[in-house]
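Asks: Encoded as structure tokens, here's the structure I'll be asking about.
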Amino acid sequence: MNGEESDVLAVIHPEFEAEGMDRDAFVNWVNKWFEWCDDYHFEAPELLEASTEAGVNVSGDFQRNWLLGMEASDTTIEGAEEKEVFGSLEEEGGAVQSIDRVESITFTIVDNLIISIEGMTLSDPKGSAMGMRDPRIRKLGEFFSGLDDLPVIGGLFSSSETAFSGAVKSLVTVVVLIAVVFGGWVMLGTMVTNLRLSGVMARHSFPEGTSYQQQHAAYTEHREQLASAQKECRRHDFYLRQLIDEGRYEDARDYARGMTAYCSKAGDAEGSDTYASYLKRVDELEHASKYSEEHHLERPGS
């Protein structure tokens, strides 16, 4: 395919198709490429061959590279910048734009003629030439080309299929690693939190037949009864009340903290808030009790 377009068309079958294009459309596409490209190379270092019912499949990673010359007449730009634009094009008249692309392409051959092509990009050569020679597009292209140097994702901005595929794989690998690390961090945080809550719950020793699960079930049932009756009142925890009546304020605090932790583990935010308020109430009652005892023991003139 480094020869004339007639060399290419000589191996195209009359029933040829490529990406939905019929033979006439493909012939027109080939003619345009040879008309607009100063130099066009199409080759593969290694080819694989396989026989099928449709014919012989020849496939490989083809490297396509072509050169587009810079000519002021190759672009039409209107507006206030027209003079400046054409001046810059004329100054660069001796420059060329090099393009390369690697594609995995499969040819199906019958009787030494190509009847179909799969995997080959059939872009408009004239549109490609016009776009690449537009200085504003060139500046944008140079910007994205500079992004090729970025680690991991730089190849996403490359025209090379190999570089692009490598960048995609690297990006996927990095995303997976980040997801694994984040997932591990969340699991570790959950484990640490549960251990802390378990430690808080373990500080209080229940009498036989009593547990946080039973106390929470009783609290939940009482709360639902209040909600259904639409009454405005706070639940009184009888076990907690007993600890307070016996003057076991430290045990009462440990119990209230444990119930707060249990509600948090169970996802009961309302219960957690309720027992957090009970903890404050225990402190208030202990303070009131000590105050009462001190004044009760006072004697006139002491």
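The values are calculated or read from the model by the stated rules, or taken from the named source; none is laboratory data. Because the structure is predicted, anything quoted here is derived from the model rather than measured. Quick reminder, even Gly has a Cβ in these numbers, built from the backbone with ideal geometry, and neighbours come from all protein chains shown.
Asks: May I ask you to verify whether A252 is at negative phi, at pLDDT 75 or above, surrounded by 12 or more Cβ atoms within 10 Å (Cβ to Cβ) and among the small types (G, A, S)?
Replies: Against the criterion (at negative phi, at pLDDT 75 or above, surrounded by 12 or more Cβ atoms within 10 Å (Cβ to Cβ) and among the small types (G, A, S)), A252 qualifies.
Asks: Could you tell me whether the stretch 208-224 includes any residue that is assigned to a loop (DSSP other than H, G, I, E, B), among the polar types (S, T, N, Q) and either in the same structural domain as G258 (by TED's automatic domain parsing) or at pLDDT below 70 (or both)?
Replies: The initial filter retains those residues of the stretch 208-224 that are assigned to a loop (DSSP other than H, G, I, E, B), namely 208-211.
If we keep only those that are among the polar types (S, T, N, Q) too, we end up with 210-211.
Within this subset, residues satisfying the condition of being either in the same structural domain as G258 (by TED's automatic domain parsing) or at pLDDT below 70 (or both) are 210-211.
So far as the stretch 208-224 goes, yes, one or more of its residues are assigned to a loop (DSSP other than H, G, I, E, B), among the polar types (S, T, N, Q) and either in the same structural domain as G258 (by TED's automatic domain parsing) or at pLDDT below 70 (or both).
Asks: Regarding E294, is this residue at pLDDT 85 or above, assigned to a helix (DSSP H, G or I) and not hydrophobic (A, V, I, L, M, F, W, C)?
Replies: Numbers: at pLDDT 85 or above: no; assigned to a helix (DSSP H, G or I): yes; not hydrophobic (A, V, I, L, M, F, W, C): yes.
No; evaluated as a whole, the condition is false for this residue.
Asks: Counting residues that are touching a Lys or Arg at 6+ places or on another chain (Cβ under 8 Å), in the same structural domain as L113 (by TED's automatic domain parsing) and at pLDDT below 80, which helices (runs of 4 or more DSSP H) fully inside the stretch 1-91 reach at least 1? If you could, list the steps in order and put the result at the bottom.
Replies: Working: elements: 5-9, 23-36, 82-91.
Filter on the stretch 1-91 gives 23-36, 82-91.
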